[in-house]
1. Set the bar at 19 Å for Cα to Cα. Now go through Lys19/Lys49; Lys3/Lys26; Lys26/Lys63 and name every pair that lies beyond it.
2. Using a Förster radius of 22 Å, what is the FRET efficiency between Ala9 and Val65 based on their Cβ-Cβ separation? Nearest 0.05, please.
3. Report the full-extension gain for the segment His28 to Thr53: residue separation times 0.36 nm, less the Cα-Cα distance, to one decimal in nm.
4. Considering amide H positions built from the backbone, and no H for Pro or chain starts, which residues 5 or more places from Leu43, or on another chain, come under 5 Å of its amide H?
5. Using the Cβ atoms and a cut-off under 11 Å, what net charge is assigned to the surroundings of Lys49, where Lys and Arg are +1 and Asp and Glu are -1?
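Nothing in this text is a laboratory measurement; each read-out follows from the coordinates by a stated rule. None of these values were measured; they are calculated from a predicted model. Heads up, the Cβs are rebuilt from the backbone with ideal geometry, glycines too, and the neighbour counts pull from every protein chain shown.
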Amino acid sequence: MLKGPTLIAYSHDPVAAPKVAAAFAKDHEKFVILGGAMGATALNPDGVKSLATMPSLDELRAKLVGLIQAPATKLAQLSTAPAAKLARVFRGLRQSRRGLNQGLHPIRPKNQIRRTN
């Protein structure tokens, strides 16, 4: 594999070097990816190209933080929702009692209207 002019790309991020090499190979037809290695694993050209399509370590970290924050935001919304609903119920009760005190009848849904004959 190391015959003729050879380039070795190295990175701490396992995706960065394959991304750079694949992008360079796309722009320069004489540059050919023969293979690669990740730790003790040897990669063929397709393995290097598949690594190049993966998100980088920083992108994965950003996605992970976003996933961690999303449930916390939803939890905060859910915890305030019952209190808001309860406040609306109390406001409705207060308004209906004021209406009863003023001689007005509360509005009832059609299925709860009492009919007297």
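1. Beyond 19 Å: Lys3/Lys26; Lys26/Lys63.
2. Efficiency at R0 = 22 Å is approximately 0.20.
3. 7.2 nm
4. Distant-sequence amide H within range of Leu43: Gly36, Ala37, Met38.
5. Overall, the nearby charge balance is +1.
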